[in-house]
Amino acid sequence: MAVIAVSRQYYSSGDEICTLLAEKSGYKVYTRKDIERLIVKNGFSVKNFSKFNDKSLNVFLKFSRGKDEYLENLKLVLFECASENNCIIVGRGATSLLREISNVVSIRFTSPFEHRAERLQLNEKCENIIAKRNVFKEDRKQANFYKTYFKTKVSDSSCYDFTVSTEKFSKDAIADAVLSLVGKTITSDKEEEGNIELDKLLICQRIVNVLLSVYDINITNLKATLGGRTITLHGIADSSAIVDRALTMAALELPEYKFESDVTVVQDSIPFRR
């Protein structure tokens, strides 16, 4: 059981290839719209969603609580989708977030700028200059999204397991090549490892989201890691009281786990541990 995470340039035929992949493999497809819908369904504010989803953030929004909450909700949705296995997750940084998971294959579909502009012009029946402007605008939005939320360059080929330029091959041939790669790469051992990794990530991500959204815990860059039956919280807080409350609330939510802190308290300049 594998997960195919896909990044695609605007008008590179990536969406059409993902549809073919699903038809050939029987995998479920999570499109960008599906992911966005699930973020809102999970409780993220519709009003804030429009501020942080796929926009270039100003300096105030980049360091705002809303931006952190958007990212944590996005991560939770991507982990939940991936945990179902046998699926294709399209866009929203899935290639960056999931790439290191053992049963995930990360794919990037590209195509030359002029080729994509021509396809857009033909499809939308607009002038070439307008098509080029729209392609450039979408490329910049995608680059900003990856840089802002995942600290990666979307154009960096080292971030993907497989990158293919779609203008040279048929969609059918590309889909077959991707499925062949997945079939030969994702062994039963990798499937098992990936499922274990995703289970851990989901447990940690859910407690982070609960602390941020339900208990309004003010810890910057809050993260959680799981080792054995112990969950460790990481981040930056203004006081040890905030950390203490986070540990108490987390233990109430998941009493079967032990909680520890590696959160740095700014006023003390040293990690607070309990």
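Descriptive notes on the structure:
- Filtered residue count, the range 221-231, keeping only those that are more than 12 Å from Val208 (Cβ to Cβ) and in contact with a strand residue (DSSP E or B) (Cβ under 8 Å, 6 or more places away or on another chain): 2
- Of all residues in the range 208-232 being outside any loop (DSSP other than H, G, I, E, B) and over 20 Å from Lys67 (Cβ atoms), the one that is least open to solvent (accessible area, probe 1.4 Å): Ile231
- Wholly within the range 14-89, helices (runs of 4 or more DSSP H) carrying at least 3 residues that are surrounded by fewer than 16 Cβ atoms within 10 Å (Cβ to Cβ) and modelled with pLDDT under 95: 32-41, 46-52, 59-62
- Single residue of the range 233-268 satisfying the filter (of a type in the set (S, T, N, Q) and surrounded by fewer than 18 Cβ atoms within 10 Å (Cβ to Cβ)) that is modelled with the highest pLDDT: Thr248
- Within the range 177-231, the set of residues being at positive phi and more than 17 Å from the chain's Cα centre (by Cα) comprises Asp216, Gly228.
The values are calculated or read from the model by the stated rules, or taken from the named source; none is laboratory data. Keep in mind it's a predicted model, so treat the numbers as computed, not measured. Positions of Cβ are generated from backbone atoms using ideal geometry, with glycine treated the same way; all protein chains shown enter the neighbour counts. Protein only, heavy atoms only, side chains kept; ligands, DNA and RNA dropped before computing areas. Shrake-Rupley method; radii C 1.70, N 1.55, O 1.52, S 1.80 Å.
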